[in-house]
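The values are calculated or read from the model by the stated rules, or taken from the named source; none is laboratory data. A quick note: this is a predicted structure, and the numbers were derived from the prediction, not measured. Note that we place each Cβ from the backbone using ideal geometry, even for glycine, and neighbour counts take in every protein chain shown. All accessible areas refer to the heavy atoms of the entire protein, side chains included, with ligands and DNA or RNA removed. Shrake-Rupley method; radii C 1.70, N 1.55, O 1.52, S 1.80 Å.
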Amino acid sequence: MRRLWPLLLPLPLLLPVLVESPYYVHGLACRIMIYTLLVASLDLVVGYIGDVSIGHAGFFAIGAYTVAMLTATPEVNPDSSVAFFPQLPFLVALAAGVLLAALAGFVLAFPALRSSGPYLAVITIAYGLIVYTFINEQERFTNGTKGVTLLPLRAFGVDLSGNHFVWVVYPFLALVLYGLHNLGRSFWGRAFEAIKHSSVAASCCGISRPYYKIWAFVISAAVAGLAGGLFAQLDAYIAPNTFSYNLSVEFLIALIFGGVRSILGNLVGVSVFVVLPDVFSAFADYRLMVYGALLLVVLFFLPAGIAGLVRRALAPFTRKDLEAERAALEDASRGLAVLPEPPPPGAAAAPSLALDGVTMRFGGLTAVNGLSFEVAPGKVRGLIGPNGSGKSTTVNLLTGLYVPTSGGISFRGRALGRLPPHERARAGMARTFQNLQLFGDLTALENVLVGLHASFHCKLWQVALRTPAARREERALRARAYALLRFVGLERSAFELARNLPYGQARLLEIARALALAPRLLLLDEPAAGLTGGEIEAMSALVGRIKAAGIAVLLIEHHMDMVMAVSDEVTVLDFGKKIAEGAPRAVQDDPAVQEAYLGKHASAIGRFEPPTDEAGTVRA
Amino acid sequence: MQTLQLLWSGVAQGMIYALVAFGYNITFSTSRTLNFSLGNILMVGGVVGYVLYMTQGHPFLYPVAGVIAVGAVTGLVLHKVAVEPSLRTRSQHAWILATLAFGIILKNAAEVFWSTDDFKMRSPLGDAPLRLLGHRAADGSVQGGLGIYPQEILIIAVSLAIVAGVEFLKRRTLLGKAVVAVSEDKETASLMGVDQKKVILGSFALSAAIAAVGGLLVAPITLVSATMGTVLGVKAYSASIIGGLESGLGAVVGGLVIGLSEALTARFVSTGYKDIPGFAFLILLLLFKPSGLFGKAAIRKV
């Protein structure tokens, strides 16, 4: 199959030669190709980033009208109210349309950064309707409701209208789908998936949510603009009513119906929408009812759409030899150093992390009060305290999810201030989560690859075209990810989806992902929670190995045995204040600590705990 | 005088948006989902009202009862076939698509089984405007001044009454407190003996019935057609987002913002552009206040 691709790929270019009927080639094939581009663009935002857009008709319209208005001539548009026809060549106009649409995507990305779900959906609707109003009303620029006629396309004396238009559309389609497909399967696609799944975990892996979200909107809008530009030339005539709200809704339905994140899904969704109503023209009136019902069925019974169904049916034939792949990774990763070299003995090291009088208030509640401590390289500091004593808030302060009300945090001699979480991660501060925050739909190996995100340096175009450099980088880092899995003892589960991993393995996977950042400081937020006795021992040994590599570790844990066994020093919090600090043994015997845990008269009833959600964030 | 006239009709139109926006709020506060087919349920209300009142010629009480009943039932069906299954899937936004799809089915069904044309509906209060502040002409009729359609008064009065009534029930009755409890914390509410399923189901019925009544109210000042709900639903949705999704006052303010900006733009710029300021305001507002004018700002959850 793989070998046949180069032969199959150019086949659609033969369509105009083989088939004479303009109905099938121009009317159906070209239309499907253009709409597939539009659906693929929508897929980037909906499928990869997980935002619902009901305004893609807007980008489509910008592309279409830019091409139409820049190429049309007054001769083919008599009685038009348009002031000026620049009469530019098609490709120039198309480039302009793509750029303008991309610009619109860039602008729309900013409200999208702050909103999601129903709030973002309404923004996209509003945007789509604004564009629609303008193309209807700006007669001097768009000729209003009368529409615009374009010249039939010609190049080098060859007629490119009618069936021949395949020669224009298909190369764009093939190139763009190839690029999007590659992007989706690269570190870009993994970054999108990470952001979609948990933007906090993504940022703690060094991924900048704004950066990738803005790019997703820009690329998506550019592709939709390209589709629009080609659409304008398809019938050499466009009018505003094509670009209404309904178009956005119908293409959203086509996307979900076919299945997101899949070229096949995009093609199927569009084909069913374009072909079926034409084939069964009697059915055209009932079309939307049937589509609505089909969509409901797909939503509830086929979450991966028709493409998912096809994939499942083909699975026995397309199954990859995972054992062979694992053996290859085993080979490639042999001898790879996972952790940094331990520092030479006796080298006086400055503290990796230093807190100085850090205070965090939520309204009237002081969650952390004047906290100071340091963690040195190659040392483990245990941070303990009863529930609600401020441990999770401390972790959120360190990783930059909260900004302290007062006090300062410095990391490797640098004051962190308001540095965002992803920058802290890139600077070498890694964490795990008390409630697991793995990317469930990615495999164990891919989860570690998300942790390695900052090690990918290839440019967008290299990734999209899968240049040799991009392949090399992916291969090398896959081997590194595999080595990290082996380090925590998970290499057997490399190709397992994270959400299928048993609890103990999931905890280890989070540590492997954190270590992928090549951290100088590792924050372990209750790594032993929910583990069995044997697993806790293994976890303690793992922490020992990490510490031996000169990494500073801050361990937040309730299992006293583990804390006592692996910590060099322990800090005890109660009501957000440090009540004791020192060697594990000394802290254990401290009367203040015993009182905090057991109460003065051994009554611990009535302790106040702020309402927290799973990750320990205080809810409003 | 003309400006006053304009503000009046903007307020009347805005109150329709407010009413439907309020319908969006109701399901959001109990189930964290919005019913994106609410515009089309409004259309169903308009069509059912038209058929009972104009086609079959029943007295106006019939369409009122019929529309409320049909609306409530549609809401229940919607919840059963679109919302409940969506919440069982792993996809976060399945309900957006499911309710959109349900709306499309309603609209297409109305086109297929009823009509694709526009119909004019008579107002039960008569279609002659009341003239205020005008001057009496020689023949005894009032000329100029402010023209107020009785239907507009009805829209404003009924909408305000519904919003105020529901808000009152929510705050002052045990049932209302149960609803608030479900919206704040489903699990605790069920532990306290509140049947959250019934509360949510009830909210869908109530919200859809309100939208359907909106259709009956708006029918005489616009036209009745299978497509009457699409844009109206979108604008009401914008209104509820502008106001903040959980605030009754927000729904009214949001509705008025959209209704008045439409009327003023239509008058001073052009009818073609009447939707632009409202939508532009919405986008800008969300850029700076992501939870709307009266929405509670949520601390970002981890």
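The table below gives the values:
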| item | result |
| --- | --- |
| Theoretical FRET efficiency, 1/(1+(r/R0)^6), r = Cβ-Cβ of A:W167 and A:E75, R0 25 Å, to 0.05 | 0.50 |
| Enclosed volume per residue, in Å³, of the convex hull spanned by Cα atoms of the range A:64-135 | 91 Å³ |
| Per-bin percent of Cα-Cα distances, the range A:90-218 [10 Å] | 10, 27, 31, 22, 9, 1 |
| Backbone HN-Hα couplings from phi across the range A:486-494 [Karplus 6.51/-1.76/1.60, Hz, Gly and Pro as x] | 5, 4, 8, x, 10, 4, 5, 9, 3 |
| Summed side-chain charge close to B:K107 - residues other than B:K107 whose Cβ falls under 13 Å, Lys, Arg +1, Asp, Glu -1 | -2 |
| Whole-Å semi-axes of the ellipsoid equivalent to chain B (Cα gyration tensor, √5λ, descending) | 33, 23, 18 |
| Per residue convex hull volume, Cα atoms of the range A:398-440, in Å³ | 87 Å³ |
| Partner chain coverage, peptide A:126-134 - average Cβ within 10 angstrom | 5 |
| Once the Cα gyration tensor of the range A:134-287 is diagonalised, semi-axes √(5λ) in Å | 32, 20, 19 |
| Debye-sum result for the range B:203-302 in log10 I(q)/I(0), which assumes one identical scatterer on each alpha carbon, at q = 0.10, 0.14 Å⁻¹ | -0.32, -0.61 |
| Degrees, to the nearest 10: B:174-184 long Cα axis against longest axis of chain B | 70 degrees |
| Fraction in percent of alpha-carbon pairs per bin - 5 Å, the range B:42-113 | 3, 16, 21, 20, 15, 11, 7, 4, 2, 1 |
| Cα Rg over Rh - the range A:344-489, Kirkwood | 1.04 |
| Distance from the range A:409-437 to the range B:198-275 (C-alpha centre basis), Å | 46 Å |
| Stokes-Einstein translational diffusion, the range A:1-98 - Kirkwood Rh over all Cα pairs, 1.567 mPa s, 4 °C, in µm²/s | 78 µm²/s |
| Residue-averaged 222 nm ellipticity for the protein assembly as shown, from DSSP H runs of 4+ at -39500 (n - 2.57), nearest 500 | -18000 deg cm²/dmol |
| Built amide H within the under 5 Å cut-off of B:F294, gap 5+ | B:G244 |
| Amide H contacts of A:G259 (H built 1.01 Å from N, under 5 Å, at least 5 apart or other chain) | A:I306, A:A307 |
| Whether the range A:418-535 is rounded, prolate or oblate, judged on the alpha carbon gyration tensor where a/c under 1.5 counts as rounded | oblate |
| Radius ratio Rg over Rh of the range B:165-256, counting only Cα atoms, Kirkwood formula for Rh | 1.05 |
| Rounded if a/c under 1.5, otherwise prolate or oblate - the range B:85-220, Cα gyration tensor axes | oblate |
| Set of lysines near A:K379 by C-alpha distance (under 28 Å), chain-local residues within fewer than 8 positions excluded | A:K391, A:K547, A:K577, A:K578 |
| Carbon plus sulfur fraction of accessible area for chain A, probe 1.4 Å, in percent | 61 percent |
| Surrounding net charge for B:G126, when Lys and Arg each add one and Asp and Glu each subtract one, Cβ distance under 15 Å | +1 |
| Ordering of B:216-227, B:182-193, A:29-40 by burial proxy (mean other Cβ atoms within 10 Å per residue, highest first) | A:29-40, B:216-227, B:182-193 |
| Long-range HN-HN contacts of A:F362 with modeled amide H, under 5 Å | A:A367 |
| Rounded if a/c under 1.5, otherwise prolate or oblate - the range B:1-84, Cα gyration tensor axes | oblate |
| Highest average packing first - B:121-133, A:297-309, Cβ atoms within 10 Å | A:297-309, B:121-133 |
| Residue-level accessible surface for B:T116, protein heavy atoms, 1.4 Å, Å² | 100 Å² |
| Alpha-carbon gyration tensor eigenvalues x 5, square-rooted, for the range A:177-216, Å | 19, 10, 7 |
| Taking the range A:443-531 and dividing mean pair separation by its residue count, relative contact order in percent (alpha carbons under 8 Å, at least six apart) | 41 percent |
| Using distinct alpha-carbon pairs, which all enter the 1/r mean, Kirkwood radius of the range B:149-212 in Å | 13.0 Å |
| Beta bridges by DSSP in the protein assembly as shown, antiparallel share as percent, to the nearest 5 | 65 percent |
| Relative counts (whole %) of C-alpha pair distances in the protein assembly as shown, using bins that are 20 Å wide | 13, 39, 34, 13, 2, 0 |
| Helix axis angle, B:248-268 relative to chain B longest principal axis, alpha carbon, degrees | 40 degrees |
| Between the range A:485-507 and the range B:1-71, the alpha-carbon center distance in angstrom | 55 Å |
| C-alpha center-to-center spacing [the range A:187-231, the range A:363-378] in angstrom | 35 Å |
| Inter-chain shielding of B:106-112 (mean C-beta neighbours from other protein chains, 10 Å cut-off) | 4 |
| Vicinal HN-Hα couplings computed from phi for the range B:21-27 (Karplus, 6.51 cos²θ - 1.76 cosθ + 1.60; Hz; Gly/Pro x) | 4, 4, x, 4, 4, 4, 6 |
| With Cα atoms, 0 to 90° folded angle of helix B:196-218 axis to chain B main axis | 10 degrees |
| Isotropically averaged projected area of the range A:108-147, using the convex hull of Cα atoms (one quarter of hull area), nm² | 3.1 nm² |
| Shielding by other protein chains, A:105-113, mean Cβ within 10 Å | 2 |
| More than 17 angstrom apart: percent of Cα pairs within the range B:11-51 | 38 percent |
| Surrounding net charge for A:F439, when Lys and Arg each add one and Asp and Glu each subtract one, Cβ distance under 10 Å | +1 |
| Volume per residue of the C-alpha convex hull in the range A:199-242, rounded to whole Å³ | 80 Å³ |
| Highest average packing first - B:152-161, A:579-588, A:273-282, A:501-510, Cβ atoms within 10 Å | A:501-510, B:152-161, A:579-588, A:273-282 |
